[in-house]
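Trainee: Sharing a structure with you now.
The values are calculated or read from the model by the stated rules, or taken from the named source; none is laboratory data. Bear in mind the structure is a predicted one, so any value in this text is a computation, not a measurement. When we count neighbours, we look across all protein chains shown, and the Cβ atoms used for this are built from the backbone with ideal geometry, even at glycine. With ligands, DNA and RNA removed, areas are computed over all heavy atoms of the protein, side chains included. Shrake-Rupley method; radii C 1.70, N 1.55, O 1.52, S 1.80 Å.
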Amino acid sequence: MFKFIFEILTDPLGLPIEWYWEYLILAVIGVVAYAVAYRCVGDMYSGGMIDGSTSGSFFHWLIRLILFVVLWAVTYGIIAAVKWLTDNWVLVLCIMGGVVVVAGIATVIAIMIRKRKNKMGLEVLDDESN
């Protein structure tokens with residue numbers, strides 16, 4: 001019963017890439033979610049936190065569902081970000097160039113201010129010593 005609910009909830013979760021990559025990535029996510037859920041439920045049994053097959057099955061599918069959705073969301077976000085970056089590479093380069101120019105100007109201004117402060121500090125010390 002829990003497997004049926006899991007499949008209903010995860011079936012619409014797809015990725016915005018070619019179908020063969022999507023199946024491969026979702027299979028890896030499914031295997032990782034299964035392994036983690038299996039280990040967590042095993043630890044729960046060993047720790048005496050649960051007993052019985054129904055509670056073990058419930059927690060297995062719950063942990064598996066949560067982990068699957070989280071891993072899917074992270075993967076989807078990474079794929080969407082990479083697609084956006086590759087589709088808008090000119091804009092990305094312009095923004096990065098602008099950031100580099102602003103950082104360079106800020107660095108030059110900071111160096112000039114420090115030199116001016118150090119020069120004024122030396123002049124004040126020279127005036128005081130006379």
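Trainee: Could you tell me how many degrees, from 0 to 90 and to the nearest 10, lie between the Cα long axis of helix 53-87 and the main elongation axis, the longest principal axis, of the Cα atoms of the chain?
Mentor: Approximately 40 degrees, to the nearest 10.
Trainee: On alpha carbon coordinates alone, what is the Rg over Rh value for the chain, Rh being the Kirkwood radius?
Mentor: 1.44
Trainee: Between the helical axis of 19-46 and the dominant principal axis of the chain, each derived from Cα atoms, what acute angle in degrees is found, rounded to the nearest 10?
Mentor: Its long axis makes an angle of about 80 degrees.
Trainee: With point charges of +1 on the Cβ of Lys and Arg and -1 on the Cβ of Asp and Glu, referenced to the Cα centre of the chain, which listed residue (Ala73, Pro16, Met120) lies farthest in the positive direction of the dipole?
Mentor: Met120
Trainee: Relative to the longest principal axis of the C-alpha atoms of the chain, give the angle of the C-alpha long axis of helix 89-129, reported between 0 and 90° and rounded to the nearest 10°.
Mentor: The angle comes out near 40 degrees.
Trainee: Along its three principal axes, how long is region 1-71 when you only count alpha carbons? Whole Å, largest extent first please.
Mentor: Taking max minus min along each principal axis of the Cα atoms, region 1-71 gives 44, 20, 15 Å.
Trainee: Counting only protein heavy atoms and using a 1.4 Å probe, what share of the accessible area of region 21-61 belongs to carbon plus sulfur, as a whole percent?
Mentor: 68
Trainee: For Val70, what accessible area in Å² do you get when you roll a 1.4 Å probe over the heavy atoms of the protein chains, rounding to the nearest 10?
Mentor: 80
Trainee: Could you order the peptides 36-42, 13-19 from most to least packed, using the average number of other C-beta atoms within 10 Å per residue?
Mentor: In descending order of packing, they fall as 36-42, 13-19.
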